[in-house]
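Visitor: Have a look at this one before I ask anything.
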């Protein structure tokens, strides 16, 4: 696995010759997926040099029928020859109806490589700009990993940010950076999860090095919720356990332990 410095060097090399790498990526995609239904609707064999002329700019609506067919379980290479693993949903903020879009996720080596560079690269860039401090190493991450639905054929639909937790690929090191315990992240009630995220984040205030959320709208909702619940949050921080509204046993117990551990640490100091 590449170190952060090696990854940063690779990103710099890629951006120096962006056009070349874009064409090579397109060439790989066309070579691998040239037989899918969507591309077959265009005349002649597609090549990177002719792609922009033959294939017009597209929007989600150009793919939605294919995506709906996949969600219904129809076994046909509509958009990719790779196996369909699940769907990710968008934030919905770009739609006039605020309805999330379904984004198919395929078990593709090309997409895995791109995702790895994208996710690891963003972390490496952030750490270069804002070097981590050993004593301040928590992230207030408004993450909701149990917000999962299924399509008619049983495929899971989730936020892309929750996939590592659902697939078991999250490392102990990653989990250790969350200000909230795992029981909050995988809870079943979004509003209660949000409350507990805020509660644990406020209790871990001196350890918080950043605040993040999968979508910008999530941060707006979190701050709005903080404005409406700050008095109750203050009471819970003072008493050392969440309010009675937090009824999910595992979540309540984990948050109470988090608050209690920190109170004990303060008392020792």
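Visitor: Give the residue, chosen from 152, 156, 138, that is loosely packed, with under 14 Cβ neighbours inside 10 Å and at negative phi.
Guide: 152
Visitor: Residue by residue through the stretch 141-176, note down the ones that are at pLDDT 85 or above and closer than 25 Å to residue 230 by Cβ.
Guide: If the condition is that a residue be at pLDDT 85 or above and closer than 25 Å to residue 230 by Cβ, then 141, 142, 143, 144 are the ones that fit.
Visitor: Tally the residues that are free of Cβ contacts under 8 Å to residues at least 60 places away in the same chain and outside any loop (DSSP other than H, G, I, E, B), restricting the search to the stretch 228-265.
Guide: Total meeting the criteria: 21.
Visitor: Another question, then. Testing residue 128 on (1) loosely packed, with under 14 Cβ neighbours inside 10 Å; (2) touching a strand residue (DSSP E or B) at 6+ places or on another chain (Cβ under 7 Å); (3) under 23 Å from residue 7 (Cβ atoms), one condition comes back false. Which one is that?
Guide: Of (1) loosely packed, with under 14 Cβ neighbours inside 10 Å; (2) touching a strand residue (DSSP E or B) at 6+ places or on another chain (Cβ under 7 Å); (3) under 23 Å from residue 7 (Cβ atoms), only one is false for residue 128: (2).
Visitor: So which of 163, 225, 195 ends up being closer than 25 Å to residue 87 by Cβ and either under 15 Å from the mean Cα position of the chain (by Cα) or not in a loop (DSSP other than H, G, I, E, B) (or both)?
Guide: 163
Visitor: Something else about it: Quick one: in the stretch 58-95, of everything that is modelled with pLDDT under 90 and touching a strand residue (DSSP E or B) at 6+ places or on another chain (Cβ under 7 Å), which residue is farthest from residue 159 (Cα to Cα)?
Guide: The residue in question is 90.
Visitor: On to the next question. Which residues, taken from the stretch 33-54, are in a loop (DSSP other than H, G, I, E, B) and either exposed (fewer than 10 other Cβ atoms within 10 Å of the Cβ) or touching a helix residue (DSSP H, G or I) at 6+ places or on another chain (Cβ under 8 Å) (or both)?
Guide: 35, 41, 42, 43, 44, 46, 47
Visitor: I've got another one for you. Evaluate the following for residue 15: is it assigned by TED's automatic domain parsing to the domain that holds residue 80 and either within 24 Å of residue 68 (Cβ to Cβ) or surrounded by 13 or more Cβ atoms within 10 Å (Cβ to Cβ) (or both)? So that I can check it myself, show each step before the final result.
Guide: Numbers: assigned by TED's automatic domain parsing to the domain that holds residue 80: yes; either within 24 Å of residue 68 (Cβ to Cβ) or surrounded by 13 or more Cβ atoms within 10 Å (Cβ to Cβ) (or both): no.
Here the answer is no, as residue 15 does not meet what is asked.
Visitor: Still on this model: Among the numbered criteria (1) surrounded by 13 or more Cβ atoms within 10 Å (Cβ to Cβ); (2) assigned to a helix (DSSP H, G or I); (3) out of contact with any helix residue (DSSP H, G or I) (no Cβ under 6 Å at 6 or more places or on another chain), which one does residue 122 miss?
Guide: (1)
Visitor: Between a first residue in the stretch 147-165 that is within 19 Å of residue 177 (Cα to Cα) and a second residue that is modelled with pLDDT of 90 or more, which pairs have beta carbons less than 6 Å apart while being 6 or more apart in sequence or on different chains?
Guide: Taking only residues 6 or more apart or on different chains, the pairs are 160/88.
The values are calculated or read from the model by the stated rules, or taken from the named source; none is laboratory data. Note that this is a predicted model, so its numbers are computed, not measured. For neighbour counting, all protein chains shown are included, and Cβ atoms are generated from backbone atoms with ideal geometry for every residue, glycine included.
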